[in-house]
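Inspection log for the structure reproduced underneath, given as structure tokens.
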Amino acid sequence: MKTVALLIGLLVIIGIAIGAYRAFAGPAQFTVKEGQPAPDFTLKDQYGKSVTLSSLRGQWVVLYFYPKDDTPGCTKEACSFRDNLVALQQLHAAVLGVSVDSVDSHKAFADKFKLSFPILADDTHAVCRLYGTLTSYMGVTVAARSTVLIDPKGVIRKLFPDVRPTDHALQIHQALKTLQTT
């Protein structure tokens, strides 16, 4: 009986924490706008290789920001992008994940969940600041869960300031199809 009560209490605390995160950290406060050129940057991926945004010109870029490696929501979102990567690539889109975690953290995360797209380490917070996705939760600086869609010319076409991790890759797929037909 004590175990059941303890488990229920723990679930309540987790629910409150998730609600508090969404209420406190909230959506991204983008400093970029649709229709403007995407600010260029270079960050290291999970293998320590430098990735420069402008080097991806000629294809669509799904630039998604997420709070923390290997947490439930971030894992769901990353695995959703992994599972839908071929469909996104068929729409000529590259996927880049960004968080403030380290290259080593990203490597472990990518290896554990077989993520085959670049996960970029913004450990100085410069890119999150540049895009307006830097936020804080319980005194910890993280990236707000958000996405920027960038067209092949390097122009921001759509901003997603607050996303649900479970179906976001499908939402992005649909947005890309819509943008590519208009």
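Just name the residue that is surrounded by the most Cβ atoms within 10 Å (Cβ to Cβ) out of those in the range 110-141 that are of a type in the set (Phe, Trp, Tyr) and under 23 Å from Ile172 (Cβ atoms).
Top of the filtered list is Tyr131.
No other residue among Thr182, Thr178, Thr133, Thr141 is polar (S, T, N, Q) and at pLDDT 95 or above apart from Thr178. Given the criteria surrounded by fewer than 21 Cβ atoms within 10 Å (Cβ to Cβ) and part of a loop (DSSP other than H, G, I, E, B), does Arg164 qualify? When the stated conditions are applied, Arg164 passes them. Can you tell me which residue within the range 44-64, out of those that are touching a Ser or Thr at 6+ places or on another chain (Cβ under 8 Å) and within 23 Å of Val163 (Cα to Cα), is surrounded by the fewest Cβ atoms within 10 Å (Cβ to Cβ)? This residue is Leu53. Can you tell me which residue in the range 65-80 is surrounded by the most Cβ atoms within 10 Å (Cβ to Cβ), limited to those that are of a type outside the set (Gly, Ala, Ser) and either over 18 Å from Pro161 (Cβ atoms) or more than 10 Å from the chain's Cα centre (by Cα) (or both)? Ranking the candidates gives Asp69 first. A search for C-beta distances below 9 Å between a residue of the range 123-138 that is more than 13 Å from Pro67 (Cα to Cα) and any residue that is among the small types (Gly, Ala, Ser), counting only pairs 6+ apart in sequence or on different chains, returns Val127/Ala143; Tyr131/Ala28; Tyr131/Ala38; Tyr131/Ala143; Tyr131/Ser146; Gly132/Ala28; Gly132/Ala144; Gly132/Ser146.
When the range 138-161 is filtered for residues that are assigned to a strand (DSSP E or B) and more than 16 Å from the chain's Cα centre (by Cα), the ones remaining, listed by number, are Val140, Val155, Arg157. Checking the condition at negative phi and assigned to a helix (DSSP H, G or I), which residue from Phe109, Phe117 passes? Going through Phe109, Phe117 in turn, the sole match is Phe109.
Restricting the range 97-109 to residues that are surrounded by fewer than 22 Cβ atoms within 10 Å (Cβ to Cβ) and touching a strand residue (DSSP E or B) at 6+ places or on another chain (Cβ under 9 Å) leaves a set whose member that is farthest from Ala126 (Cα to Cα) is Lys107.
The values are calculated or read from the model by the stated rules, or taken from the named source; none is laboratory data. This one's a predicted model, so the numbers in the text were calculated from it and none came from an experiment. Please note: Cβ atoms are built from the backbone with ideal geometry, for glycine as well, and neighbour counts cover all protein chains shown.
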